[in-house]
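This report concerns only the one structure given below.
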Amino acid sequence: MAGEMADDARSIFSRAALFLPPPHVSLDLLSSGVCVRCIFRLFGVHGDFYSCPFLTGPGLHYFLKLQNGSQAGFSENGHSSFGLHQCSYTSDESDVDQKYCSICLGILQFPHDLYLGEGTSKDNFSIDVFVEKIAESIKIANHQIDGFFLEVSIPPVIVANERSIWSYIKKKYDNEAWFKNKALYNQISLKDALRLSITESLEKKLSVKSGANSFHICLAYTNSEASLSLQNSLRKVQSSNRRRTEKKNTFTVAEKENAVKVVDQCGNGQVDSREQLCSKSDAAILKELSSLDDHTFCDLFELPPKKASNSCKLMITYYRMPMFIGGRYLKFSRKVSQTLWIIDDERMGEASVEEIIGTRALEICRGDSYKFHAAGREDIDVRMLGSGRPFLVEVSNARCLPSMVDVVQIAAKINNSEKKYVMVRNLEVVGSEAWNLMRVGEAEKQKQYAALVWISRPLTEEDLQSISSVNNMEISQSTPIRVLHRRSPLERKRIIHWMKIEKIVGSSQFFLLHLCTQAGTYIKEFVHGDLGRTFPSIGSLLACRAEILQLDVTDVKMDVFI
């Protein structure tokens, strides 16, 4: 078995050697504390190499020695050991404190003490253990998954370490012929190398495929000690720039004394607390790093980066991208608002469409929270009838992937509820693109209404003809008085597509007004005129006082996903 493992290691190193620099350079990097996977990625080694468990420092060290003609490293039975024991660096490493890669700070070595709150072990480098840890965490979190996407976050100090090692290589080997054929842009990022290392094993462990999936496995790496050191170094540059700026200005004596105090406080590269240093965003630090010219960078950082005795720490979290369940709802009560409505800590209405539908969806999907989106809204005292109003429930971090059976169950619980406030139809799981489709369709839709209207005089046949003759009539509406406290005072042009009157038997002053309008029309104000703020109105068209007593939405014409 050991012989087979050694043969596998020899094969891997032989294939990788086609991309690597001369042996003396790789040996130099090993002795500088760079791990094998970082050496591979720095020189653009592609393929399935990274997931191999035999990528140890001793293994590569032995292979490179063989290339240089050395015969060291054979066991008593004649087989080469290839450093298959899981340690990180060469057997002749003299720095006993060196445990982790000076570039990735242990990320690509998968030490057992990588996880926050866990101790170290003697044999502490293993991809298998790393993958097992992730799989266990997903199981504990009780996530149902059909795939996954690996999301990786690394501290900016890794970027500084990479630049430092490249500066070191350039400074030392710039005159050698091989260097001219090695391009920096061919290197593989640490994030990609990490994915290449663990994705295949993770797919097998979870029995699903990796790809553009809504379920994200988030690996967030931090190294507070190295990050503080990096930020202190960058502050030295800031202090130096500040001094140069101050020298160009003329100060009074008092201003000079004050400036000296500022420089003294900042010039040592320290700040008041660790929290202040850690508060700076990674993006800001990366921007500062990229702004440094090569000369300043080389003066500021060690070449090569110093050997690491502390690894990065890892926090593993999981989340699913928002899931959408869409359909149409009907509202039969005039005491139910569309969304939760609270004024001065007092609930308005008996319930809300948002809660009735959203809580059921959240229960089935086992998510963290939900948001309710609808194609427009109706007032609390307006019923939503006909085919219903399109809506979406956005569920955050759903732990369950609802099947069609689950969706039917959600609809059944809503439609069979005791109070019958709300019903849903055409319920289904839809993609995230549905949200944009609904927003676009909302602006273009037409809506039909049925309004119970009273006028101050008897209805005549001329009134019926006048109203029914309306065809795409434009009206002007200023922001209604009833909503001025929460909406901007604007004037809007809207279209009344058609209207017709349905008489009520036994009454000459009450009638049902059926009408179709452009989205965004204020129907109540169109009936009574809103003290002249809507013109023309039913009142102005009939030349009498008109009041709306009840209003129903009877149809929302909208070609969307439901």
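Between residue 543 and residue 510, the FRET efficiency from the beta-carbon distance, with R0 = 25 Å, is close to 0.90. The protection proxy used here, the mean number of other Cβ atoms lying within 10 Å of each residue, ranks peptides 472-479, 126-133 as follows, highest first: 126-133, 472-479. Potential lengthening of the chain between residue 315 and residue 440 amounts to 41.0 nm, from the contour at 0.36 nm per residue minus the alpha-carbon distance. Between residue 343 and residue 416, the simple label model (points 7 Å from Cα in the Cβ direction) yields a spacing of 3.8 nm. Once the C-beta distance of residue 481 and residue 204 is scaled by a Förster radius of 51 Å, the resulting FRET efficiency is 0.15 to the nearest 0.05.
Note on residue 472 and residue 369: their simple-model spin labels are 4.5 nm apart, each label 7 Å out from Cα toward Cβ. The charge dipole of segment 347-486, taken about the Cα centre with unit charges on the Cβ atoms of Lys, Arg (+1) and Asp, Glu (-1), comes to about 380 debye, rounded to the nearest 20.
In terms of distances greater than 24 angstrom between alpha carbons, the cross-link table entries 419/447; 172/306; 331/371 yield 419/447. When the listed pairs 170/204; 65/133; 133/236; 420/493; 133/307; 180/287 are checked against a 32 Å cut-off, the alpha-carbon distance exceeds it for 170/204; 65/133; 133/236; 420/493.
Using 0.36 nm per residue, how much length does the chain from residue 281 to residue 140 gain when fully extended, once their Cα-Cα distance is taken away?
47.6 nm
Every read-out reported here was derived from the displayed coordinates using simple, explicitly stated rules and does not represent laboratory data. Please read these numbers as outputs of a predicted model, since none were measured by experiment. Backbone-built Cβ (ideal geometry, glycine too); neighbour counts: all protein chains shown.
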